[in-house]
Amino acid sequence: MRDSTTRSTGDATRAGEPEACDLLLLGGTILTLDEADTTLADGAIAVRDRRIVAIGPRAALAARFRPARTLACDGRLLMPGLVNSHNHTPLMITRGMIEDLGFAPMFTAGIPQGHRLTEGEAEALARLGVYEMLRHGCTTIVDFYRYPQALARAHAELGTRAIVAGRVHDADPEALTQRRYVYDPALARETIRENADLIAAWDGHDGGRIRCDWAPHAPDTCSDACLAEVAGLAAAHGGNVHTHLCQSPVEVEQVRARSGLTPPQALEEAGLLTPALLAAHCIHIKARDIARLARAGAAMAYTPLGNAKTGRIAPALDLAEAGVEITLCTDTFSGDLFEAMRWGVAMQRIRRGAPVLDARTALAWATGNGARRLGLGAEVGALTVGRRADILVMNTDAPSMAPLIDGYGLLVYGATGMDVGTVVVDGRIVIEDGVLTTADGPAIVREAQAVAEGLWTRSGRRPITSGGA
Ligand SMILES: [Zn+2]
């Protein structure tokens, strides 16, 4: 254990006069997840101007600071907010309905499709997705879909730290639901304009809490020309590029038929295989392409639960061993990254037939790795002085939160998102004792339900709330 009070920043004050701070989290066990894996019993965290200004023993910080607000954390477990590296919040519309159909929503007929949503409907669903992830302790969220400005509004309103992008593609979505690829340059222009307009309007919003990136949907739903155009725009913009890669045999076959390349080769040809790339899924990927990703310095967004629901296991450990950095995501159908950590380890153990990996590694996927790959390594992902104050206060009186011995194993193998009590993002309490403070949580759920009932009814499926099919 290290006393980090000596590493604090802030005002030089006269001896004996307390320093002002905005928020003091007082008491509790602190799991910092810093480089030395520092833990503190009966600690405290002081926050000023959105950042952590001191971490140390409770008594020392209580004497040193005069907080505008004190949050009693006695007996609680404090940890960094989680980084959920790949999501599409409006796809909440398909939760509970798509899982038994076997494939990605964009390729599935007979369900409400994203390209048929109105912007208002997308925003209502995005607010549900953002609310759920925040409630489950995800403080930094990558979110990209159609109507990206609706997504940005949801994150801005609810208080998450978000990296938002559009969904660039030129494959016609109506044809995709029939498993046909029809590339339309007008669609590329429209979706690229949507992503560019998002960046112009939202990048850097609220002191950088909302950032905007580029997101070409996938190597099969973007033509080679579309991929190359996005590569140029993304290089000029900076930040990350988010995509789906080797998600299905259909994708691999389409890219091969089109150009004779594998999907990672197609990205490389287009200029997208760079350290900026954050590629989700990586299921149907060959060893030489894993090496290609590692050489390029690209990273993976690992989606263990989403992959498992379609009967697949991504070779995440193979990628990690090759040198590809692993980040973790829920990819929409759940907001619970604790569950994803547990599944992420379990799936690799099943694949290898051996007890590979450990809880601390899974926590790194969900915190520091994601932060680093998003260019936020010095800002979030651990609790240290100078970083942004993105903090979870876990409910240690929940039955799933005992016994608390080393913390890491309990969080990965025992905890659920509902064990998150209070969530601080950028120094602001956005969930307090399970209740959303930035908006009316139950109203968000009701509005999303009403939107979903309408969309499913339009798709020919009568919800049980109105008498069933
Ligand atoms: Zn996705």
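Taking the Cβ of GLY28 as the centre, find all other residues whose Cβ is under 10 Å away and add up their charges (Lys, Arg: +1; Asp, Glu: -1). Don't jump to the answer; show the numbers that get you there.
On the way: positive: ARG58, ARG76; negative: ASP42, ASP74.
That works out to 0.
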Quiz prompt | 3J(HN,Hα) from dihedral phi, the stretch 292-308, Karplus parametrisation 6.51/-1.76/1.60, rounded to Hz, x for glycine, proline | solution = 4, 5, 5, 4, 6, x, 6, 10, 10, 9, 7, 10, x, 6, x, 5, 5
Quiz item: Per residue of the chain, what 222 nm ellipticity follows from adding -39500 (n - 2.57) for every DSSP H run with n ≥ 4, rounded to the nearest 500?
Solution: -10500 deg cm²/dmol
Practice problem: Work out the charge dipole of the chain with +1 on the Cβ of Lys and Arg and -1 on the Cβ of Asp and Glu about the Cα centre, then indicate which of THR465, LEU101, LEU125 is farthest towards its positive end. | Solution: LEU101
Quiz item: What ³J(HN,Hα) values, in whole Hz, does the Karplus curve 6.51 cos²θ - 1.76 cosθ + 1.60 give for the stretch 393-410 when θ = phi - 60°, with x put for Gly and Pro?
Solution: 10, 7, 7, 6, 8, 6, x, 7, 10, 9, x, 9, 10, 9, x, 4, x, 4
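Given C-alpha coordinates of the stretch 240-393, what is the ratio Rg to Rh with the Kirkwood estimate of Rh?
Working: Rg = 15.6 Å, Rh = 16.0 Å.
The Rg/Rh ratio comes out at 0.98.
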Quiz item: How large is ³J(HN,Hα), in whole Hz, for each residue of the stretch 132-139 in order, when computed from phi with the Karplus curve 6.51 cos²θ - 1.76 cosθ + 1.60 and θ = phi - 60°, using x for Gly and Pro?
Solution: 5, 5, 5, 4, 9, x, 7, 9
Quiz item: In debye to the nearest 20, how big a dipole does the stretch 82-373 give about its Cα centre with +1 on each Lys and Arg Cβ and -1 on each Asp and Glu Cβ?
Solution: 800 debye
Quiz item: So which cysteines of the chain have no other cysteine's Cβ under 4.7 Å from theirs?
Solution: CYS21, CYS73, CYS138, CYS212, CYS246, CYS282, CYS329
Quiz item: Non-local amide H neighbours of THR70 (under 5 Å, H modeled in plane, Pro and chain starts lacking H): which ones?
Solution: LEU24
Quiz item: Ignoring ligands, DNA and RNA, how do ASP289, ASP184, ASP406 rank by accessible area with a 1.4 Å probe, largest first?
Solution: ASP406, ASP184, ASP289
Self-check item: the stretch 354-405 - charge dipole about Cα centre, Lys and Arg +1 at Cβ, Asp and Glu -1, debye rounded to 20
Solution: 220 debye
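Between beta-carbons, use under 13 Å as the cut-off and find the net charge around GLY335, counting Lys and Arg +1, Asp and Glu -1.
-2
Relative contact order (percent) for the chain, with alpha-carbon contacts under 8 angstrom and 6 or more residues of separation? Intermediate results must be reported in sequence, preceding the final value.
Values: 1043 pairs, mean separation 84.2, N = 469.
Relative contact order of the chain: 18 percent.
Order HIS281, HIS237, most accessible first, counting only protein heavy atoms with a 1.4 angstrom probe. Write out the running numbers ahead of the final one.
Values: HIS281 5, HIS237 60 Å².
Correct descending sequence by accessible area is HIS237, HIS281.
Convex hull over the Cα atoms of the chain, averaged projected area in nm²? Numbers along the way, then the final one.
On the way: hull surface 87.4 nm².
Result: 21.8 nm².
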Practice problem: Report the one residue of ILE285, TYR181, THR416 whose Cα lies farthest in the direction of the positive end of the charge dipole of the chain (charges on C-beta: Lys and Arg +1, Asp and Glu -1; origin at the Cα centre). | Solution: ILE285
Exercise. Could you list which residues have their amide H under 5 Å from that of TYR302, counting only those 5 or more apart in sequence or on another chain, with H placed in the peptide plane?
Key: THR327, LEU328, CYS329
Quiz item: Check TRP214: other-chain or 5+ apart residues with amide H under 5 Å from its amide H, H built from backbone geometry?
Solution: ASN240, HIS242
Self-check item: Extreme residue, positive dipole direction of the chain, given options THR303, ALA314, LEU25 (C-beta unit charges)
Solution: ALA314
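The values are calculated or read from the model by the stated rules, or taken from the named source; none is laboratory data. None of these values were measured; they are calculated from a predicted model. When we count neighbours, we look across all protein chains shown, and the Cβ atoms used for this are built from the backbone with ideal geometry, even at glycine. Remember, those area values only see protein heavy atoms, side chains included, never the ligands or the DNA or RNA. Shrake-Rupley method; radii C 1.70, N 1.55, O 1.52, S 1.80 Å.
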